[in-house]
Amino acid sequence: MSIYKKSFKKIKLSRLGGLSAVTLALLISSSASAVEIGAGDSWVVEGTASANIVGGNAGLLNDGSGSADDYDVYLDKPVVSMRVTSPTGKVEFFGVFNLDVLARRHLNMNESSKKGQAYDGREVRHIIENLTATVQAQENMYVTGGIGTVAFLQTQGNVVSRISAQDENFQLRERLFAEVAYVTDNGTTIQMSIFDGAKQKVLDSKDSFGLGDLYDPQKYKADSISGAIKVDYALSTDVHLTAGYAYVRNANYDGNNEQMVSVGVDAAYELGDWMVAGLVQLVHVFGDDSRTSVLGEIAGEKGKHTIYGQAEYTELNKGGDTTRGTLGYKYKLVDGESVKISPFAELFVESRSDQDEANVGFFTGVNMEFGKEISLGQKTE
């Protein structure tokens with residue numbers, strides 16, 4: 001199911017929710033927290049919070065990297081979001097706040113040498129992940145600005161608990177940007193963006209809290225102003241194609257520019273009692289540091305049971321090309337209107353070009369989601 005399958009008025013979930021097409025296909029029918037941009041009687045505030053408690057190790061079953069194979073416990077992906085929609089439905093404010101840096105410093109239940117680490121080895125993000133405003137300028141045109149993720153890739157990462165190498169290395173996140181989106185009469189969505197191409201500084205998870213944890217605004221330079229375009233086209237009701245192009249200037253502060261292209265297809269079908277959805281996406285970077293990533297993910301849901309998998313091959317700009325595969329199972333233990341609790345288990349395999357053997361790991365955990373919607377009073381005439 002495409003992010004934009006119904007209409008662009010179904011809030012810009014590809015950017016704002018951080019969910020993949022696969023995740024949305026499985027959750028769209030049961031989620032009570034989605035708020036449409038549409039006319040109402042009052043301002044509406046929607047708040048959500050989610051996190052994973054994860055235990056395991058990427059080399060627990062076979063340690064090809066030579067790292068420790070202890071069973072560590074992490075608080076992962078602690079995210080708080082808030083969406084405010086105007087009574088007319090033409091204005092929306094949205095914020096996503098990633099508390100990962102605080103969890104690494106204070107809440108991970110490991111020995112001190114591992115307290116600041118993430119179980120999937122990803123970089124520490126700033127607390128402000130998205131802080132944007134969207135205005136419906138015309139019937140089919142929407143303008144968005146602020147800090148967030150530029151419309152270039154299909155977002156993914158919530159089907160499998162570990163963030164993929166593709167998402168980690170190719171997603172244009174934490175950028176100051178302005179964007180115009182236009183929805184044609186046949187449902188095709190075209191998004192054009194201007195953004196700061198320079199990557200934000202990685203946080204030190206062992207440092208004390210400071211204003212730089214929120215966001216680092218000191219990197220904006222004229223030689224990093226970049227642009228992107230993304231098109232979403234419906235082949236049918238259940239199958240969508242996406243394509244993106246981005247020209248990224250001085251992303252690594254080395255004076256080099258990169259041209260990035262992405263192509264993806266996602267689909268969702270009902271097969272008997274099962275809802276099955278999948279996504280395949282290719283990304284390629286041209287330039288002095290050419291590299292490619294291919295990722296596929298699939299998930300099937302029947303009642304309270306979900307089986308899912310993800311596979312990818314990603315070339316990294318510093319070597320260590322990565323091939324990964326994950327197979328997982330999730331069970332909806334609690335599926336209320338405001339609270340969802342889902343234990344899961346995952347088998348993980350990773351082969352890197354700088355290792356002689358593959359890592360084989362096993363993880364267990366619990367995903368928790370909380371949500372609440374509040375009306376702020378009647379609109380004035």
Problem set entry | Leading residue by the ranking (farthest from Phe348 (Cα to Cα)) among those in segment 276-295 that are of a type outside the set (D, E, K, R) and surrounded by fewer than 18 Cβ atoms within 10 Å (Cβ to Cβ) | Gly287
Problem set entry | Complete set of residues in segment 84-118 that are farther than 30 Å from Ala181 by Cα, part of a loop (DSSP other than H, G, I, E, B) and either among the small types (Gly, Ala, Ser) or modelled with pLDDT of 90 or more (or both) | Gly116, Ala118
For this session: Report, by residue number, each residue of segment 188-221 that is closer than 17 Å to Gln154 by Cα and assigned to a loop (DSSP other than H, G, I, E, B).
Result: Thr188
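Identify all residues within segment 297-316 that are of a type outside the set (A, V, I, L, M, F, W, C), in a strand (DSSP E or B) and surrounded by 15 or more Cβ atoms within 10 Å (Cβ to Cβ); write none if there are none.
Quick first cut of segment 297-316, residues of a type outside the set (A, V, I, L, M, F, W, C) only: 297, 300-306, 308-310, 312-315.
Still in the list and also in a strand (DSSP E or B): 297, 300-302, 305-306, 308-310, 312-314.
Matches in segment 297-316: Glu297, Gly300, Glu301, Thr306, Tyr308, Gly309, Gln310, Glu312, Tyr313, Thr314.
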For this session: Consider Ala267 carefully, then state whether it is crowded, with 19+ Cβ neighbours inside 10 Å, within 19 Å of the chain's Cα centre (by Cα), over 16 Å from Asn169 (Cα atoms) and not hydroxyl-bearing (Ser, Thr, Tyr).
Result: yes
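Can you find, within segment 234-256, the residue that is farthest from Thr155 (Cα to Cα) among those that are assigned to a strand (DSSP E or B) and touching a helix residue (DSSP H, G or I) at 6+ places or on another chain (Cβ under 9 Å)?
This residue is Arg249.
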Exercise. Taking segment 230-275, which residues are acidic (Asp, Glu) and either touching a residue at least 40 places away in the same chain (Cβ under 8 Å) or in contact with a strand residue (DSSP E or B) (Cβ under 6 Å, 6 or more places away or on another chain) (or both)?
Worked result: Asp232, Asp238, Glu258, Asp266, Asp273
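The values are calculated or read from the model by the stated rules, or taken from the named source; none is laboratory data. Every value quoted in this text rests on a predicted model; they were computed, and no experiment measured them. When we count neighbours, we look across all protein chains shown, and the Cβ atoms used for this are built from the backbone with ideal geometry, even at glycine.
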